[in-house]
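Only the coordinates and a few stated rules stand behind these numbers; no lab work does. Keep in mind that this is a model prediction, so the values were computed, not measured. Cβ: placed from backbone, ideal geometry, glycine included. Neighbour counts: every protein chain shown.
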Amino acid sequence: MKLYNLKDHNEQVSFAQAVTQGLGKNQGLFFPHDLPEFSLTDIDAMLELDFVERSSKILSAFIGDEIPQEILEERVRKAFTFPAPVKPVEEDIGCLELFHGPTLAFKDFGGRFMAQMLAHISGDKPVTILTATSGDTGAAVAHAFYGLKNVRVVILYPRGKISPLQEKLFCTLGGNIETVAIDGDFDACQALVKQAFDDEELKQKLGLNSANSINISRLLAQICYYFEAVAQLPQEARNQLVVSVPSGNFGDLTAGLLAKALGLPVKRFIAATNANDTVPRFLQNGEWSPNLTVATLSNAMDVSQPNNWPRVEELFRRKNWRLKDLGVAAIDDETTKATMRELQTKGYVSEPHAAVAYRALRDQLHPGEYGLFLGTAHPAKFSESVEAVLGETLTLPQALAERAGLELLSHNLAADFAALRELMMSKAQ
Ligand SMILES: *Cc1c(COP(=O)(O)O)cnc(C)c1O
């Protein structure tokens, strides 16, 4: 597989390089040189396969002969150990539930596949995973790498800005997982990570590797569940399909668009954000003008400078698609709460992220179309807000219940690169 840096098309790398480097020069994102395309017959045949077999085929179409198909399939089998069911919510709308993995959010798919790929690629060489999270990435990355030999994981998150339960889920592991609470917002954490990757000495000494949604292996893994969704739909729904994606860094949306580029029959996508609405405003008035990040109920989407957006633009350019065909919506917290209650009356308990996507979908779905919205997290993961909004007590799934009583092991740090650097170097072997 060949990939190029979006900031400098002359920088070309292999899949292994893109996975280990994360970012290219000048913090440029990597993008696939070839965009494979399946015929309609291929797609129909693939939709008949089981999740792991089909996913290996999709991933192999991108990765090519860099990883033999059988090895890839073994790795995919270790990564995708849980289902992605479509649950009917209304006659013409279903929820693609992506939260049945170990950390109860869709980021388990990308995190676990990336961990498998890094383990395959790096062999015995020590690596340090450094990532910033607004909540769910951190948990997924921590659990995906926990206990893996030769891998040290450092996770930055905005102090006090993620849910207490979320914090428990990944800041209580210890072992090869270090967590750092930063005095600042998610964008500040993300900026620190970017600074670290610009620091050649740090990068070399630690074998630094990024693990957030910019890593290409995560994106490729996420393509697979869009196929899994369509495989569960009746034939009539397949050609009338509208998919609504709750968006923060726009990695999930990028993966969905890549699925469409491969030939998956999706009529259109809707990018649904919360009040952090840089993209909806951009598509409405053509001006890229991020505001300060604001805290919302759907806090994993509290991102005002979505780092995958350049990939979305590149894909539209390469495919000659028009950005104005991408649906957008920005849903505020009041509407999100009302929507969670509306879903409750339909017998479906949802959390704020999925509710944002449902709202946008319900508002923009035309008669005769079938809509899917992505259920990106288990409601119990956001039990504080869900219980307050719905007046209903949720039972914690076992994964959360077990961790809730454990002590937090995080360091606290100012949003200061020198301090982070010292912390990271202090333990370098
Ligand atoms: C990360 C996350 C999102 C946003 O996904 P992006 O790929 O960053 O757009 C939405 N919902 C939940 C629950 C998340 O954790």
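Once you order the gyration tensor axes a ≥ b ≥ c over the Cα atoms, which shape class does the chain get: rounded for a/c under 1.5, otherwise prolate or oblate by comparing a/b with b/c? Don't skip to the answer; put the middle values down first.
Numbers: a/c = 1.42, a/b = 1.14, b/c = 1.25.
Judged from the Cα gyration tensor, the chain comes out rounded (a/c under 1.5).
In nanometres, what is the gap between the two model label sites at Arg318 and Lys267, each 7 Å from Cα along Cα-to-Cβ?
2.7 nm
Using the count of nearby Cβ atoms within 10 Å as a rough guide to exposure, how do Tyr226, Tyr370 rank from fewest to most?
Ordered from fewest to most neighbouring Cβ atoms within 10 Å, Tyr226, Tyr370 come out as Tyr370, Tyr226.
Where the Cα atoms of region 51-204 are projected onto their three principal axes, how long is each span, largest first, in whole Å?
Ordered largest first, region 51-204 gives principal extents of 44, 42, 26 Å.
Cα gyration tensor of region 221-365, axes a ≥ b ≥ c as square roots of the eigenvalues: rounded (a/c below 1.5), prolate (a/b > b/c) or oblate?
oblate
With charges set only on the Cβ (+1 for Lys and Arg, -1 for Asp and Glu), what does the dipole of region 1-110 come to about its Cα centre, in debye to the nearest 20?
620 debye
Within 10 Å, at most 15 other Cβ atoms, and a DSSP state outside H, G, I, E, B define an exposed site. Report the longest part of the chain free of exposed GluC sites (Glu not before Pro).
Between exposed loop sites, the widest span is 92-286.
What is the fewest-to-most order of His366, His120 by other Cβ atoms lying within 10 Å of their Cβ?
Ascending number of Cβ neighbours within 10 Å: His366, His120.
Would you mind counting up the charge near Trp288? Only other residues with Cβ under 14 Å from its Cβ, with Lys and Arg at +1 and Asp and Glu at -1.
Here the charged neighbours net out to -2.
Can you show me the helix-derived [θ] at 222 nm for the chain, built from DSSP H runs with n ≥ 4 at -39,500 (n - 2.57) apiece and divided by the number of residues, rounded to the nearest 500.
-13500 deg cm²/dmol
Just report the Cα centroid separation between region 87-115 and region 257-330, whole Å.
20 Å
Distances longer than 15 Å among the Cα atoms of region 352-429: what percent of all pairs is that? Working shown, then result.
On the way: 2210 of 3003 pairs.
The share of Cα pairs beyond 15 Å in region 352-429 comes to 74 percent.
Along the charge dipole of the chain, which of Val141, Val312, Phe62 sits closest to the positive end, that is, farthest toward it, with unit charges on the beta carbon of Lys, Arg, Asp and Glu (+1, +1, -1, -1)?
Phe62
To make sure I understand, if each residue's beta carbon is the centre and we count other beta carbons within 10 Å, what order do Leu423, Leu59, Leu241 fall in, fewest to most?
On the way: Leu423 14, Leu59 25, Leu241 21.
By the 10 Å Cβ count, ascending, the order reads Leu423, Leu241, Leu59.
I need to check one value: relative contact order of region 295-429, counting alpha carbon pairs closer than 8 Å and at least 6 residues apart, in percent.
Dividing the mean separation by the residue count of region 295-429 yields 17 percent.
Just how far, in whole angstrom, is region 121-192 from region 364-429 if you go by their alpha carbon centroids?
Answer, in whole Å: 12.
Looking at the square roots a ≥ b ≥ c of the eigenvalues of the Cα gyration tensor of region 290-350, which shape do they give, rounded for a/c under 1.5, prolate if a/b is larger than b/c, or oblate?
Because a/c hits 1.5 or more and a/b fails to exceed b/c, region 290-350 counts as oblate.
Can you report the principal axis dimensions of region 1-40 using only the alpha carbons, biggest first, rounded to whole angstrom?
For region 1-40, the Cα extents along the three principal axes come out at 39, 18, 12 Å.
Around Arg159, under 13 Å between beta carbons, what's the net of Lys plus Arg minus Asp minus Glu among the other residues?
My count for the surroundings of Arg159 gives -2.
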